[in-house]
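Contents: one structure, followed by commentary.
The values are calculated or read from the model by the stated rules, or taken from the named source; none is laboratory data. A quick note: this is a predicted structure, and the numbers were derived from the prediction, not measured. Because the Cβ atoms are built from the backbone with ideal geometry, glycine has one as well, and the counts that use them run over all protein chains shown. What goes into the accessible areas is simple: the full protein's heavy atoms, side chains included, and nothing from ligands, DNA or RNA. Shrake-Rupley method; radii C 1.70, N 1.55, O 1.52, S 1.80 Å.
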Amino acid sequence: MMNLTLEQSIQYAAELRSSGQAEQAKTALEQLLQQYPQHPDVLYQLAWTCDNLGLERQAVPYYEQALQHGLTGEDRPDAMLGLGSTYRTLGRYEDSQQVLAQAIAQYPERRELQVFYAMTLYNLDKSADAIGILLEQLAATTSDAGIAQYGKALRFYADKLDQVWD
């Protein structure tokens, strides 16, 4: 990686991770981090790689710093999802809820954020809200003809799961 630009070095590390060589990617990114300790793309790629390796606790500060140091573009909502999801897996449900709610507010078109938010709501014992969100997302995105046929009903009942009609 000696003769590569920073962007090429980051891409190389991402390709290592994608090809199943996450340990090598982590090493390469840690070396880049020594040279560029506040570079949001390096921090984000390192967070993602740590997550990929099951090193969630190590991933958190990298996600946080990447966002604090101005991560932009498509990587920003992905990093917010990664951080929120990682908080959830560590039992930090309120932190997860906060990050994912903020991400949804900033990127309402990113449906995957809603799905991860629903998982967090489940962990916060807000199952009805979680199922409602999942039903909304299912109805809006399904290609299954049977589910699509009942999309209107799914949307109607999504926020009425506890209601009983006489």
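Close amide H contacts of LEU71 (hydrogens built in the peptide plane, cut-off under 5 Å, sequence separation of 5 or more or a different chain): none are found. Surface composition of the range 1-147: carbon and sulfur make up 48 percent of the accessible area, probe 1.4 Å.
Estimated at 0.36 nm per residue, the fully extended path between ALA128 and TYR36 surpasses their Cα-Cα distance by 28.7 nm.
A simple rule links phi to the HN-Hα coupling: the Karplus curve 6.51 cos²θ - 1.76 cosθ + 1.60 with θ = phi - 60°, which for the range 43-52 gives 4, 5, 4, 5, 4, 4, 5, 4, 4, 4 Hz, with x for Gly and Pro.
The lysines whose alpha-carbon is closer than 23 Å to the alpha-carbon of LYS160, local same-chain residues fewer than 8 away aside, are LYS126, LYS152. Can you tell me the orientation of helix 75-89 relative to the chain, as the angle in degrees between its alpha-carbon axis and the longest Cα principal axis, to the nearest 10? Long axis of 75-89 versus the principal axis of the chain: about 70 degrees. Each Cα pair under 8 Å and six or more residues apart adds its sequence gap; the mean of these over the residue count of the range 85-166 is a relative contact order of 22 percent.
Computed from backbone phi with θ = phi - 60° and the Karplus coefficients 6.51, -1.76 and 1.60, the 3J(HN,Hα) list for the range 14-20 is 5, 5, 4, 4, 5, 8, x Hz; x is used for glycine and proline. Remark: the chain carries a charge dipole of roughly 80 debye about the Cα centre, counting +1 on each Lys and Arg Cβ and -1 on each Asp and Glu Cβ. Computed packing ranks the peptides 76-87, 106-117, 40-51 as 40-51, 76-87, 106-117, most packed first, by mean other Cβ atoms within 10 Å. Scattering from the range 40-120 was approximated by placing one identical point on each alpha carbon and applying the Debye formula without solvent; log10 I(q)/I(0) at 0.15, 0.21, 0.22 1/Å stands at -0.43, -0.87, -0.95. What FRET efficiency comes out for GLN11 versus GLN102 if R0 is 41 angstrom and r is the Cβ-Cβ distance? Round to the nearest 0.05. According to the calculation, E is roughly 0.90. Backbone geometry of the range 58-74 corresponds, through the Karplus equation with coefficients 6.51, -1.76 and 1.60 at θ = phi - 60°, to 3J(HN,Hα) couplings of 6, 5, 3, x, 5, 4, 4, 5, 4, 5, 5, 8, x, 3, 10, x, 5 Hz, x marking Gly and Pro.
Residues whose amide H comes within less than 5 Å of that of GLN21, counting only those at least five positions distant or on another chain, are absent (H built at 1.01 Å from N in the peptide plane). Listed values (1) 11, 35, 26, 16, 9, 3, 0; (2) 11, 32, 28, 18, 9, 2, 0, 0; (3) 11, 39, 39, 11, 1 include one computed from this model; for P(r) over Cα pairs in 10 Å bins from 0, in percent that value carries the label (2).
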